[in-house]
1. Just checking, which of Ile161, Ile139, Ile154, Ile150 is over 18 Å from Val119 (Cβ atoms) and in contact (Cβ under 8 Å) with a residue 12 or more places away in the chain?
2. With the structure loaded, tell me whether Ser135 is assigned to a strand (DSSP E or B) and of a type in the set (Gly, Ala, Ser) or whether it fails that test.
3. Taking the range 102-123 as the region of interest, how many residues are surrounded by 14 or more Cβ atoms within 10 Å (Cβ to Cβ), more than 30 Å from the chain's Cα centre (by Cα) and in a strand (DSSP E or B)?
4. If only one of Thr99, Thr129, Thr146 is surrounded by 13 or more Cβ atoms within 10 Å (Cβ to Cβ), modelled with pLDDT of 95 or more and out of contact with any Leu (no Cβ under 6 Å at 6 or more places or on another chain), which one is it?
5. Being out of contact with any strand residue (DSSP E or B) (no Cβ under 7 Å at 6 or more places or on another chain) and assigned by TED's automatic domain parsing to the domain that holds Ala97: is that true of Asn165 here?
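The values are calculated or read from the model by the stated rules, or taken from the named source; none is laboratory data. Predicted model, so just to flag it, every value in this text is computed and none were measured. Quick reminder, even Gly has a Cβ in these numbers, built from the backbone with ideal geometry, and neighbours come from all protein chains shown.
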Amino acid sequence: MATGAAGKITEYTDPPVINNGTVFTPTAGANIIANINRLIDGNGVTLKALQIDGTGNNAVTAPSGVVQVSGTGVQATLPTPAPLVGGVFKDLLPSAAVTFSSSGSAPSISNAYNITSAVRNSTGNYTFTFVTSLSRTPIAMVASATAGFITCTITSTTITITTANTSNTATDYNSPVHFTLLGGF
């Protein structure tokens, strides 16, 4: 390889033979040269730091935020990125949702996600069992009813919903009641 101005690689001659007998072609070499020159120009992928230990036996301690490659394996220690404003993350995905109504009997479910069964415990009080248990407490619950209040108690396997009218008296609603849990997986 020859270098020119600003340390750029200008040519690739005498293709080497890789250990398995494969010849490293001039086209592959030209692609590598082009990528290296883009790095030199600042137009390619940038690296904060890269440390390579070709022997595989030397202990190398790289600073935080560095990609480290050694002869015995690969290790990457990267900083945790901050969430993007407006981004959708696992914590914001629904873990359960249901639309139901009840006229004094078992809830009638019209739509559900991650709900396997529903039981009416008493007037305005229902327990819904999840298909997939939650691994942690959801970060939010969005609920709506015709009028009144909805309260809930959440465990890893169930959610118990209580619906009440505007006087805060437990009430069965024959019109749709909706709830969606966000996060929890």
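1. Values: Ile161 fails: over 18 Å from Val119 (Cβ atoms); Ile154 fails: over 18 Å from Val119 (Cβ atoms); Ile150 fails: over 18 Å from Val119 (Cβ atoms).
Ile139 is the lone residue from the list that is over 18 Å from Val119 (Cβ atoms) and in contact (Cβ under 8 Å) with a residue 12 or more places away in the chain.
2. Numbers: assigned to a strand (DSSP E or B): no; of a type in the set (Gly, Ala, Ser): yes.
No, not satisfied.
3. Count: 1.
4. Numbers: Thr99 fails: modelled with pLDDT of 95 or more; Thr146 fails: modelled with pLDDT of 95 or more.
Every option except Thr129 fails the conditions.
5. yes
The rows are residues; the columns are (1) part of a loop (DSSP other than H, G, I, E, B); (2) in contact with a Pro (Cβ under 6 Å, 6 or more places away or on another chain); (3) aromatic (Phe, Trp, Tyr).
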| residue | (1), (2), (3) |
| --- | --- |
| Ser95 | no, yes, no |
| Phe100 | no, yes, yes |
| Val142 | no, no, no |
| Ala147 | yes, no, no |
